[in-house]
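See structure below.
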Amino acid sequence: MSKLSFASGSHKHLIDVFNREIVTLEFEDNSSGSLFLEIDGNGKLERNYNFGSHSDWSVLVMNRSSKSLEITEDIRLNEYSKLNMNYGELSYGKHKKDTVANFVGHDSELDLNSAILSFDSLTWNIMANHLAKRSKANVNNHAIVLKNAHLDLDIIGKIENGHSGSETHQMTRIMNLGDGLNTIVHPQLLIEENDVAASHAASVGQANE
């Protein structure tokens, strides 16, 4: 188990998974900057992010493992924190991911973007879990699925009762190339509050010969 702390500035870090790794990433209050995070190895990885109040960060996560990875992510956004979270899933391998962004502070914001080139198998559950007022989420996924590859995406926006003024939006675009494809997308909105804005869109298409 390891803990990484980040003050304002530009940072780069490699997480090499061997069997099982637990990593906590702490971002200071009132800090801002960027983080380039590379992932490699084989096994299970648990990543816990905590973005301090009034922080403003841009994070790029590149998965370069060609083996098997099971990744769980817990992202905590405190009050007035802003996060631009970007993922590159461009590797071979059999990967399972579970990402939950918890908006625990009011007026917190998340823009999550993924670029996926599926060579083998990727199952990914992404949830924007609104637990505070005036929290905002935009989740955008773009994917190309190659011959004999498998892609399964479960995208959830959840706003619990009492968290008025919140917004959760999602958009997924997938293009299938080749034969023997297996692509599944589940866009979901779980809304328990009236004074909110929510939307989802998803499309899966085959390229014209």
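The values are calculated or read from the model by the stated rules, or taken from the named source; none is laboratory data. Predicted model, so just to flag it, every value in this text is computed and none were measured. Cβ atoms come from the backbone with ideal geometry, glycine included; neighbour counts cover every protein chain shown. Accessible surface is based on the protein model in full, side chains and every heavy atom, while ligands, DNA and RNA are left aside. Shrake-Rupley method; radii C 1.70, N 1.55, O 1.52, S 1.80 Å.
Here are the numbers:
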| item | result |
| --- | --- |
| The stretch 132-208: trypsin sites (Lys or Arg not before Pro) in DSSP coil with no more than 11 other Cβ atoms inside 10 Å | Lys147 |
| Cut-off under 5 Å, modelled amide H: who pairs with Asn113 long-range | Met85, Asn86, Tyr87, Asn140 |
| Lys pairs, the chain - Cα-Cα below 22 angstrom, 8 or more residues apart or on other chains | 25 |
| Asp29/Asp195 FRET efficiency (R0 35 Å; Cβ-Cβ; nearest 0.05) | 0.75 |
| Separation between Cα centres of the stretch 137-209 and the stretch 10-54, rounded to whole Å | 25 |
| Convex hull projection area averaged over all views, the stretch 94-183, Cα basis, nm² | 5.4 |
| For the chain: accessible area per residue (Å², 1.4 Å) | 47 |
| Among Ala137, Ala128, Ala198, residue whose mean-square fluctuation peaks in a GNM of the chain (springs only between Cα atoms under 10 Å) | Ala198 |
| Carbon plus sulfur fraction of accessible area for the chain, probe 1.4 Å, in percent | 46 |
| Fully extended contour minus Cα-Cα distance, from Asn161 to Lys67, at 0.36 nm per residue | 29.7 nm |
